[in-house]
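What follows is a short report on a single structure.
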Amino acid sequence: MIFNRAAFIARIDQKSDWDIIIIGGGATGLGTALDAASRGYSTLLLEQADFAKGTSSRSTKLVHGGVRYLAQGDIALVHEALHERGLLLKNAAHLVKDQDFIIPCYSWFSKYKYLIGLKFYDLLAGKSGFKKSSFLSVDSVLEAIPGLKRKGLIGGISYSDGQFDDARLALNLAQTTSEYGGVTINYMKVTGLTKEGNSISGVSCEDLESSKLYAFKAKVVVNATGVFVDEILRMDTPSGRPIVRPSQGAHVVLDKSFLQGNSALMIPKTSDGRVLFAVPWHGKVLVGTTDTPLDEHSLEPKPLDSEIDFILNTAGKYLTKVPLRSDVLAAFAGLRPLAAPGKNTNSTKEISRSHKLIVSKSGLITITGGKWTTYRKMALDVIDKAIELGKLPMVECITQNVKIHGYTPGVDEGPLGIYGSDAEGIRKLMIDEPLLNVPIYTGYVYLKAEVIWMVRNEMARSVEDVLSRRMRLLFLDTKLAIKLAPEIAEIMAEEFKKDKSWTALQVSEFTTVAKRYLTLG
């Protein structure tokens, strides 16, 4: 497998015609690229920043059917997501694990309501490799979540759902695409759509590293840019109505002492009628999320003070150790690309969670909405639509059986576990270059070899690429990430043969981004 930016640039320098070009390197775009490449179509994916830079690295880290959507009566959406959840557990077993969740019950009515609902959830899931729901006694609940308040507790419901590392899965999808001959390039910004007559015939774009301009032709162009879909649509039809209404979901990260144990906590109805999760993740506790409608979007959204306060206050009602702002290790927000309603509304409850597929008069295919769990089904629908439109020859989808790059049978919780089968390559690198078999910083588990691996084999181009989406430290402990940034920059500068000014700029740019993840100065 060649997964190297320089090698990909060399390929596009020689090849200008493609079967399919996908704009957007998040979950949906990468899933579409893998579906297309695995069917044998020549495939090019262009991402303006890094893979999963936006929404796809900022989820609640759950692979789930959506208990909340079940309560809303959206049976079809839940059934589809539960099917995809099972496929992800099978095909990305190194990243997706079966996570125990507990709903604490404070009334007998809630106990039976949630148990009946989750039994239906189990029924919809079928035999998918996840444990079934059950009722727990008070003692069993407190044994599983020692940090939970006892007062008023009459027991709980245990159920099982999936948990994963979102940005790491995105990267692995890009790597799998390359194994099928596809090309996925980060820091390549699409600047326009080209047409023959009234039909889309390709794209123009700019390599943001070299400033080189490119023009590519394609039988199919797919707009999979998440909250940015309207910007691409305006390149096609400047007067078109927006089809996306962004909604912000905020999360905070706390020390594992707040939850304790290995079970996740699920609060099914908060004061605003939503769901709150507290989930163990990479040795910390991830708590969220909110659902705040917005009128604008950016690559670096910031949690609102009101969102952080809501999360901490809600969690504090259930945890014996009440979290304060000073306890927050990192706070981040993601923007959901919800399909916009036809009327003005401020309620995200009125906006569809299902994905939406649109074909413009020009032939541009746009996919939006949905969620991480259903990325594969969204991709399948996109490619099947392109075939239906006569733009691609008929080839059956095979992704339900494609093992994702890094696949190993089960999650390894060790320090190199997130790399799956690639961990062996990192160990070999440390044998071949013993100077890399040392921590980045004294006392921390992160190794210099990991940074070199990320540069050579994972297309990391900046300190932020490493600390945010590959090592995940920006999301886990922002102050520590800022502390390690200079060392990361020096390791990368040596590998890239860059000078001290590059190193200084990298540290400065990363620190500016990282400060948005801090809740206190």
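FYI, it's all coordinate maths here, none of it is from the lab. Predicted, not measured: the structure shown is a model, and the values here were computed from it. Don't worry about glycine lacking a Cβ; one is built from the backbone with ideal geometry, like all the others, and counts go over all protein chains shown.
Rounded to the nearest 20 debye, what is the charge dipole size of segment 350-480 about its Cα centre when +1 sits on each Lys and Arg Cβ and -1 on each Asp and Glu Cβ?
Numbers: 18 positive and 16 negative charges, 91 e Å.
The dipole magnitude comes to about 440 debye.
Take segment 168-275, compute every pairwise Cα distance, and split them into 10 Å bins from 0; I just need the percent in each bin.
All Cα pairs, binned at 10 Å, distribute as 10, 26, 28, 18, 15, 4, 0 percent.
For segment 40-121, report the convex hull volume of the alpha-carbon atoms normalised per residue, in Å³, without decimals.
On the way: hull volume 12.8 nm³, N = 82.
Taking the convex hull of the Cα positions in segment 40-121, it is 156 Å³ per residue.
Round to a whole angstrom and tell me the spacing of the C-alpha centers of segment 427-447 and segment 110-177.
37
Please give the contour-minus-distance gain from Lys479 to Asp272: 0.36 nm per residue of separation, less the Cα-Cα distance, rounded to one decimal in nm.
On the way: separation 207, 0.36 × 207 = 74.52 nm, distance 3.13 nm.
The span from Lys479 to Asp272 would gain 71.4 nm if fully extended.
Hey, what D do you get for segment 1-61 in µm²/s if you plug the Kirkwood alpha-carbon radius into Stokes-Einstein at 25 °C and 0.890 mPa s?
On the way: Rh = 12.6 Å.
After rounding, the answer is 195 µm²/s.
Put +1 on the Cβ of each Lys and Arg and -1 on the Cβ of each Asp and Glu in the chain; which of Ser326, Leu208, Thr32 then has its Cα farthest toward the positive end of the dipole?
Ser326
With each pseudo-label sitting 7 Å past Cα toward Cβ, what's the Lys321-Ile431 distance in nm, one decimal?
Calculated label separation equals 4.0 nm.
With contacts defined as alpha carbon pairs under 8 Å and 6 or more residues apart, what's the relative contact order of segment 417-517 in percent?
On the way: 94 pairs, mean separation 21.5, N = 101.
The value is 21 percent.
Which log10 I(q)/I(0) values does segment 68-112 give at q = 0.15, 0.30, 0.31 Å⁻¹ under the Debye formula, counting every alpha carbon as one identical point scatterer?
The computed values of log10 I(q)/I(0) come out as -0.59, -1.00, -1.01.
To check you understand DSSP bridge types, tell me what percent of the beta bridges within the chain (both residues inside) are antiparallel, rounded to 5. All intermediate terms of the calculation are to be shown ahead of the outcome.
Working: 59 of 76 bridges.
Restricted to the chain, the bridges split so that about 80 percent are antiparallel.
Along the charge dipole of the chain, which of Ile243, Leu304, Phe277 sits closest to the positive end, that is, farthest toward it, with unit charges on the beta carbon of Lys, Arg, Asp and Glu (+1, +1, -1, -1)?
Phe277
Can you give me the Cα centroid spacing of segment 45-79 and segment 273-308 in angstrom?
The two parts, judged by their Cα centres, are 13 Å apart.
Please give the peptides 233-242, 317-326, 98-107, 418-427 ranked by average Cβ packing (other Cβ atoms within 10 Å per residue), highest first, as a rough proxy for protection. Before the final figure, lay out each step's value.
Details: 233-242: 12.9, 317-326: 14.9, 98-107: 20.1, 418-427: 18.4.
Per-residue Cβ counts within 10 Å, averaged per peptide and sorted highest first, yield 98-107, 418-427, 317-326, 233-242.
Name the shape class, rounded, prolate or oblate, that the alpha-carbon gyration tensor gives for segment 119-163, where a ≥ b ≥ c are the square roots of its eigenvalues, rounded holds for a/c under 1.5, and otherwise prolate holds if a/b is larger than b/c and oblate otherwise. If you can, show how the numbers build up before the last one.
Values: a/c = 3.37, a/b = 2.23, b/c = 1.51.
The shape class here is prolate.
Under a no-solvent Debye model with one identical scatterer per Cα of the chain, what's log10 I(q)/I(0) at q = 0.06 Å⁻¹?
So the normalised log intensities work out to -0.27.
Charges only on Cβ, +1 for Lys and Arg, -1 for Asp and Glu: so what's the dipole of segment 417-517 about the Cα centre, in debye to the nearest 20?
Values: 15 positive and 15 negative charges, 66 e Å.
Result for segment 417-517 is approximately 320 debye, rounded to the nearest 20.
Considering the convex hull of the alpha carbon atoms of segment 26-175, report its projected area averaged over all viewing directions, in nm², one decimal.
On the way: hull surface 42.5 nm².
So the mean shadow area of the Cα hull is 10.6 nm².
Starting from a Cα-only point model with no solvent, please compute log10 I(q)/I(0) by Debye for segment 417-517 at q = 0.14, 0.19 1/Å.
Log10 I(q)/I(0), no solvent term: -0.49, -0.91.
Output the relative contact order of segment 15-86, whole-number percent, from Cα pairs under 8 angstrom with separation of 6+ residues. Don't jump to the answer; show the numbers that get you there.
On the way: 71 pairs, mean separation 18.7, N = 72.
Once normalised by length, the contact order is 26 percent.
Could you go through segment 38-43 in sequence order and give the Karplus-derived ³J(HN,Hα) for each residue, using 6.51 cos²θ - 1.76 cosθ + 1.60 with θ = phi - 60°, rounded to whole Hz, and x for Gly and Pro?
Computed from phi, the couplings for segment 38-43 are 6, 8, x, 7, 5, 10 Hz.
Hey, got the Cα dimensions of segment 112-212 along the principal axes, in Å, largest first?
The Cα atoms of segment 112-212 stretch 66, 30, 28 Å along the principal axes, largest first.
If you average the sequence gap of Cα pairs under 8 Å that are 6 or more apart and divide by the length of the chain, what percent do you get for the contact order?
Working: 1077 pairs, mean separation 99.7, N = 521.
Taking the mean separation of contacting Cα pairs over the length of the chain, I get 19 percent.
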